Amino acid sequence: MENIFIRNIKDADIEAVNSLYNNYIRETPFTFDIEEKTLSQKKEWFKIFKKDSPFQCVVAYENDILIGFASSRPFRDKEAYKSSIETSVYISEKYIGKGFGKLLMQDLLNKIDGYGINRAYAFITEPNNASERLHILLGFKKIGVLNKVGKKFGKFWNVGIFEYFFE
């Protein structure tokens with residue numbers, strides 16, 4: 001674990017982050033994106049993240065290998081929602097279940113605390129027991145389910161809604 005580090009995302013990370021995310025698009029229902037993202041699309045996505053804002057992205061590496069990333073972005077684009085964010089976390093398959101999701105999410109939540117954020121939301125495709133356990137461990141509470149809200153791989157999927165209170 002001594003060669004593990006977590007930091008804010010940089011330009012140099014975008015290609016590795018995009019590769020990891022595209023794997024989730026191809027292989028899992030855990031994102032409802034259907035088409036893989038191009039590098040230019042991911043560079044556009046990257047522009048919302050600022051170290052001095054509630055919209056951040058943190059990455060974890062073991063030596064030069066991307067372990068995963070966690071991000072926060074606007075919850076909705078209407079003014080009244082400015083005090084809420086949506087979070088996501090993606091971990092490379094070989095690192096799942098080893099505590100890295102928790103480390104990334106804790107780091108992210110700590111970095112965005114103090115920016116006037118009241119609530120964080122995570123939308124988790126069901127079933128995804130590992131992600132649900134992670135979010136509950138971090139203090140998120142399951143507050144609802146969107147039933148059969150997305151169709152991927154020829155199947156409709158439910159999405160659990162998890163809410164975190166900044167106090």
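Kindly provide the set of residues from the stretch 105-123 that are under 25 Å from Asp33 (Cα atoms) and touching a residue at least 40 places away in the same chain (Cβ under 8 Å), ordered by number.
Selection gives Leu108, Leu109, Arg119, Ala120, Tyr121, Ala122.
For residues that are loosely packed, with under 12 Cβ neighbours inside 10 Å and free of Cβ contacts under 8 Å to residues at least 40 places away in the same chain, tally how many sit in the stretch 133-155.
6
Does Glu79 satisfy being farther than 21 Å from Val17 by Cβ, surrounded by fewer than 17 Cβ atoms within 10 Å (Cβ to Cβ) and of a type in the set (Asp, Glu)?
yes
Is there a residue being touching a strand residue (DSSP E or B) at 6+ places or on another chain (Cβ under 6 Å), of a type in the set (D, E, K, R), closer than 27 Å to Phe5 by Cβ and surrounded by 14 or more Cβ atoms within 10 Å (Cβ to Cβ) anywhere in the stretch 107-130?
Yes, the stretch 107-130 has at least one match.
Condition first: touching an Asp or Glu at 6+ places or on another chain (Cβ under 6 Å) and within 15 Å of Gln56 (Cβ to Cβ). Now tell me which residues in the stretch 2-16 satisfy that.
Hit for the stretch 2-16 is Ile6, nothing else.
Suppose the filter is free of Cβ contacts under 8 Å to residues at least 60 places away in the same chain, under 22 Å from Leu20 (Cβ atoms), of a type in the set (D, E, K, R) and out of contact with any helix residue (DSSP H, G or I) (no Cβ under 8 Å at 6 or more places or on another chain); does Lys94 pass it?
It is true that Lys94 is free of Cβ contacts under 8 Å to residues at least 60 places away in the same chain, under 22 Å from Leu20 (Cβ atoms), of a type in the set (D, E, K, R) and out of contact with any helix residue (DSSP H, G or I) (no Cβ under 8 Å at 6 or more places or on another chain).
Read-outs: derived from the displayed coordinates by stated rules, not from any lab. This structure is a prediction, so every number in the text was calculated from the model and none was measured. For neighbour counting, all protein chains shown are included, and Cβ atoms are generated from backbone atoms with ideal geometry for every residue, glycine included.
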